[in-house]
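Below is one structure, written out as structure tokens; the observations come after it.
The values are calculated or read from the model by the stated rules, or taken from the named source; none is laboratory data. Every value quoted in this text rests on a predicted model; they were computed, and no experiment measured them. Reconstructed Cβ throughout: ideal geometry from the backbone, glycine too, with neighbour counts over all protein chains shown. All accessible areas refer to the heavy atoms of the entire protein, side chains included, with ligands and DNA or RNA removed. Shrake-Rupley method; radii C 1.70, N 1.55, O 1.52, S 1.80 Å.
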Amino acid sequence: MSRQRPNPSRKIRMTIRKPERKPRAPSKGKAARRPKARSGAAESAVGARVQRAFMVLKRVAVGPPKIGIVPGSGLGPLAARVAVRAEISTSALPGYPPSTVEGHEGRFVFGRLGGRDVCLLKGRLHGYEGYTLDEVTLPIRLMALIGIKTLILTNAAGGIAAGFAPGDLMLIDDHLNLQGRSPLCGPNQADWG
């Protein structure tokens, strides 16, 4: 049985489109109410935590990077390929929880990889460490605030496709969240996208 390998020269492009919201029609007999202006992320406790950590991180960030990378299991050595221009321990960021997983250093690395300015996170946080999803997503929100426009997340994942073998690359463009919780719940932080 011949196995078909993925074509590495094939370019994959993903586009995420936000649904357009239709403006509400004003109710009859009453002037249309304008929604209260919100100050964005700083209004919530999560937003305040993100802002405190961001104020420290932005002093270190160089580039400015447009690509963020969070290497998953087995790809930690990718950090050694980054021409480091600056880095900071996550323990230096106020409100940033420590990773409890062995081998997860907890560092933001800024530098060049493949001719591009990148921000790479060495060591990530997990829900199974007892952290809330707001805490687990903190590094991603920080990357967004420093200007990351493209985020590359990698992980060790399994599949049932007969054509896949261990070590094959695959693109995951969706997933089933069976955790019963989501970091997207709660008030929308418009400045986070």
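Scanning segment 123-175 for residues that are closer than 26 Å to Gln51 by Cα and among the aromatic types (Phe, Trp, Tyr) yields a count of 2.
Conditions (1) touching a helix residue (DSSP H, G or I) at 6+ places or on another chain (Cβ under 6 Å); (2) open to solvent by less than 40 Å² (accessible area, probe 1.4 Å), marked per residue:
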| site | (1), (2) |
| --- | --- |
| Pro64 | no, no |
| Pro71 | yes, yes |
| Leu78 | no, no |
| Glu87 | no, no |
| Pro94 | yes, no |
| Glu102 | no, no |
| Tyr128 | no, no |
| Leu133 | no, yes |
| Thr150 | no, no |
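A search for C-beta distances below 9 Å between a residue of segment 146-174 that is farther than 30 Å from Val60 by Cβ and any residue that is at pLDDT 85 or above and open to solvent by 100 Å² or more (accessible area, probe 1.4 Å), counting only pairs 6+ apart in sequence or on different chains, returns Ile172/Leu153. In the set (1) in contact (Cβ under 8 Å) with a residue 24 or more places away in the chain; (2) in a loop (DSSP other than H, G, I, E, B), the condition left unmet by Ile140 is number (2).
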